[in-house]
Structure formats: C-alpha cells, structure tokens
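Step one of this worksheet: look at the structure below.
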Amino acid sequence: MTSLDLAGYLIAGLMTAVALWRMPAALWGDEEDRRRRALWGCYAGFAAALWTKTEAVRTALNTSPVVDLAVLIKHYTSTLAILAILSYIVAIYGHYPEDGTVPRHVRFARTVQHVAAKASVATLILLTVLFFTVVDRSVPSDRFVSDHAGQWGAALYMSVFYLYLGAASAVCAYQWALATGNARLRHLRVGLGMMTAAMFIGVGYTVSRTVFMWVSVVHHPGQGFARTFDKATELAQIVLFALFAVGASIPACRTGWRRARLWRAQAKLHPLWRELMTAFPDQPFEPPASLLRELTRFDTPADLRVDRWAADIADAVEKLRHYVPDALVGAAAAAAGGPGPLADAYWIKAALAAKADGAPAGKAAAVEQRHATDQDDEVAWLVRVAAAYRRTDGDRARALLAPAERTA
C-alpha cells in the first residue's frame with residue numbers, strides 16, 4: 001500500500017466520521033438543523049465516493065462483471081453530493097429581507113437552484129450512456145485517468161463530469177468567499193475560509209484534469225508522466241476534502257463545545273436544583289428526575305433547560321427568605337469566612353433546614369444582593385454556589401439558625 005492509498009483511507013474515514021456526527025442533527029433536529037440536511041447529504045455522498053477510491057474497494061469493483069464500476073459509482077455519488085451542497089447553499093444564502101433589494105449573490109443562488117437539479121439528472125444520464133458506449137473498458141483500470149490517457153471516449157466522459165464538478169466548485173467558492181468576508185465571528189471566518197480554499201482547489205483540479213485528458217488525445221503521454229500527474233492531482237483532491245471536512249466542522253465543533261459546557265453546568269446545578277424543587281414541588285414544570293434522565297431530555301434544548309433551572313433556583317431562594325431571620329445572612333457569611341458562593345450555600349442549606357423543621361412563613365429576610373451582568377454570568381455564579389453547596393455540612397448549617405434567631 002502506497003502513502004497515497006493510506007491517505008485515501010484516512011480522508012474517507014474522516015468524511016464518514018463527519019457524516020455520522022452530523023446525522024442526528026440533520027435527521028431529527030429542529031427546523032434550523034433540518035435545513036442542514038442538504039449539507040449532511042453532501043458529507044454522506046462524498047464519503048461514499050471517497051470509499052470507492054480506496055485501494056481495496058476500487059480493486060474489487062473494477063474487477064467485477066461491470067469493469068471499472070468503481071468509477072461510475074464514484075461519479076454517481078459525487079454528483080448527488082454536489083447537488084446536495086448546491087441545495088444547501090441556496091437554502092443558506094438565498095434569503096434576504098423582503099423590503100430590500102435582491103442582492104446579486106441571492107439572484108445567483110436562485111439561478112443555481114433552477115439549474116442544479118436538471119443539470120444533475122442530465123449529467124447522470126449522460127455519464128451512464130458514455131460509460132457503457134464510448135469508454136474503453138476492455139481492461140480493468142487501477143487509476144482511471146492515467147490508464148485511459150489518450151482515449152477520446154474517456155476524455156469525453158470525464159469532461160462531462162468535470163464540467164459539472166468544476167461549475168459547482170466555482171459556485172461554492174464564490175458564495176463561501178462572500179460569506180467569509182461578511183462573517184463576524186472568528187471561528188466562522190476560519191471555517192468558511194478553509195471551505196473556500198477547498199473549492200478553489202476543486203476548480204483547479206477539474207480544469208487541470210480536463211486539459212490533461214484532451215491534450216493526451218493529441219499527444220499521448222508516457223505512462224510514467226501520466227501516473228505522476230494522476231497522483232499529484234489525487235493528492236490535491238485529498239487536501240481539498242481535508243480542508244472541506246475540517247472547515248465545515250469548525251462551527252459545529254464550537255456549537256458542540258457549548259453544548260458540552262451546558263451539560264456540565266446541568267450536572268453541577270442538578271443536586272442543588274433538585275433539592276430546592278423537592279422543597280417546593282409546585283414550582284417546576286415537571287417533578288425533578290435523576291441527572292441521567294434530565295440530561296437525556298431531548299425535547300428541550302440544553303441552554304433553555306439551564307436558564308430554566310437558574311430561574312427555578314432564584315425563585316426558590318426568594319421563597320426561602322420568608323422562613324429565616326435577617327441575621328442568617330451574616331451568620332452564613334461568618335461561617336464561610338466572608339461573602340461568596342460558600343456563604344450563599346450555607347444560607348440555602350440553613351433555610352431549607354428551617355423550612356423542613358416547620359418554621360412559619362414571615363416577611364422576606366435580608367440577603368446578600370448580587371447583580372449578574374447577563375444570564376451566563378448568573379449561571380456561572382450558581383454553578384459555584386452549587387459546588388460549594390455540596391461541600392457544606394448540614395449540621396453546621398442548621399446550627400447557624402439558633403444564633404441568627406437570637407440576633408433577630
């Protein structure tokens with residue numbers, strides 16, 4: 001196995017991993033995710049195409065009863081993947097404010113939408129006809145372009161496919177270059193920039209191979225030169241797909257990282273939230289469940305659930321103020337060595353103990369006021385309080401109530 005063949009397996013595996021990773025959101029996500037089904041279709045199509053290029057798969061298919069079958073399957077799946085990515089571009093970039101002038105790139109995207117489907121069908125039909133009529137398939141090939149160099153039938157067949165592939169690459173490069181310039185977030189600029197670079201490589205790949213095939217018809221190249229050219233352009237295509245797969249995954253990685261942070265926040269808030277909701281069972285929308293059950297509730301986005309828990313905790317603390325004296329805030333701060341998350345944790349645990357012991361509800365007690373700058377800041381503070389809450393001793397917290405009541 002050559003290093004080029006090994007790289008082929010690696011890039012096919014990478015594209016397959018991206019397709020599998022993005023599949024749940026594409027098939028079962030919300031409306032925003034469903035719009036990305038087309039992009040997932042592109043990943044899946046190109047993953048299938050790349051596997052047909054690997055040494056083991058192409059050898060098995062090319063030596064099957066249908067000689068060079070790997071080439072035909074590769075072009076079928078690639079054509080469908082291209083149609084999917086063009087549909088994605090139209091869905092993402094083909095909208096604009098209704099009261100505004102239609103931007104040029106939107107008009108361009110709409111033109112692509114009208115042409116792409118018909119062009120795909122025509123390309124598939126023409127490829128099939130040419131493959132079984134004018135392409136010389138008397139001997140199975142290993143590297144189709146170099147093995148068929150100098151044959152006008154193969155040159156015509158490849159030109160049809162490269163015309164479709166090159167035009168699609170140019171469309172993607174144009175749209176993603178515009179999007180890169182307009183992107184405000186750094187991770188989006190990086191991802192779109194990599195995808196734009198990949199499409200420019202794609203344009204160069206198709207043009208160079210088309211020129212090579214037709215020049216070879218007039219001036220038949222040596223086998224060594226043909227193989228070197230084939231391997232060089234194959235290496236360029238591997239770089240293309242690496243840039244595309246990584247670039248398209250960068251924004252999703254950021255989203256995945258945010259989800260992981262939200263799940264981590266849920267895990268840290270859960271003990272405190274569950275204990276407070278148990279004390280006030282009428283407050284939550286649903287009875288608190290185990291952490292595993294809460295983390296696997298896919299009917300509610302993680303960010304919405306964390307925000308709701310933060311609001312639940314704040315509401316429960318407000319209710320607890322009616323069961324404790326004003327002096328508890330000072331006693332909790334003294335026990336914690338000063339105001340902070342640990343002082344809040346002691347106050348909450350002592351207040352829960354007071355309510356559990358049957359303290360009558362009265363006027364709202366004084367608390368340490370803290371003003372969060374935004375929702376994320378409030379959640380971060382509550383996470384620190386919840387972590388401190390797990391470290392507090394229940395008996396010590398309950399003991400704070402007696403001196404606080406005497407001071408009140």
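Is it true that some residue in segment 336-346 is at pLDDT 80 or above and farther than 30 Å from R261 by Cβ? Among the residues of segment 336-346, not one is at pLDDT 80 or above and farther than 30 Å from R261 by Cβ, which makes the answer no. If the condition is being open to solvent by less than 40 Å² (accessible area, probe 1.4 Å) and aliphatic (A, V, I, L, M), then segment 315-334 contributes A316, V317, L320, V324, A327, L328, V329, A331, A332, A333. Is it true that L269 is farther than 30 Å from A81 by Cα, touching a residue at least 40 places away in the same chain (Cβ under 8 Å) and in a helix (DSSP H, G or I)? For L269, the condition - farther than 30 Å from A81 by Cα, touching a residue at least 40 places away in the same chain (Cβ under 8 Å) and in a helix (DSSP H, G or I) - is met. In this structure, is L292 surrounded by 14 or more Cβ atoms within 10 Å (Cβ to Cβ), under 39 Å from the mean Cα position of the chain (by Cα) and either of a type outside the set (D, E) or closer than 30 Å to L185 by Cα (or both)? For L292, the condition - surrounded by 14 or more Cβ atoms within 10 Å (Cβ to Cβ), under 39 Å from the mean Cα position of the chain (by Cα) and either of a type outside the set (D, E) or closer than 30 Å to L185 by Cα (or both) - is not met. All of (1) out of contact with any Phe, Trp or Tyr (no Cβ under 9 Å at 6 or more places or on another chain); (2) within 23 Å of T63 (Cα to Cα) hold for L130 with one exception: (1). Per the conditions (1) out of contact with any Phe, Trp or Tyr (no Cβ under 7 Å at 6 or more places or on another chain); (2) surrounded by 17 or more Cβ atoms within 10 Å (Cβ to Cβ); (3) under 24 Å from D142 (Cβ atoms); (4) free of Cβ contacts under 8 Å to residues at least 60 places away in the same chain, the sole criterion not satisfied by T228 is (2). Only one entry of G191, G224, G181 meets the criterion of being within 23 Å of L6 (Cα to Cα) and at pLDDT below 90, and that entry is G224.
When segment 231-266 is filtered for residues that are basic (K, R) and either in contact with a Gly (Cβ under 8 Å, 6 or more places away or on another chain) or without any contact (Cβ under 8 Å) to a residue 60 or more places away in the chain (or both), the ones remaining, listed by number, are R258, R259, R261, R264.
Here are G153, G166: which of them is open to solvent by less than 40 Å² (accessible area, probe 1.4 Å) and either outside any helix (DSSP H, G or I) or out of contact with any helix residue (DSSP H, G or I) (no Cβ under 6 Å at 6 or more places or on another chain) (or both)? Lay out the reasoning, then the answer.
On the way: G166 fails: either outside any helix (DSSP H, G or I) or out of contact with any helix residue (DSSP H, G or I) (no Cβ under 6 Å at 6 or more places or on another chain) (or both).
Matching residue, one of G153, G166: G153.
For the residues A60, A49, A84, the requirement of being at pLDDT 90 or above, under 28 Å from T111 (Cα atoms) and in a helix (DSSP H, G or I) singles out A49.
The values are calculated or read from the model by the stated rules, or taken from the named source; none is laboratory data. The shown structure was predicted, so the numbers you read here are calculated from the model rather than taken from an experiment. No Cβ is skipped: glycine too gets one built from the backbone with ideal geometry, and neighbour counts run over all protein chains shown. Accessible surface areas use protein heavy atoms only, side chains included; no ligands, DNA or RNA. Shrake-Rupley method; radii C 1.70, N 1.55, O 1.52, S 1.80 Å.
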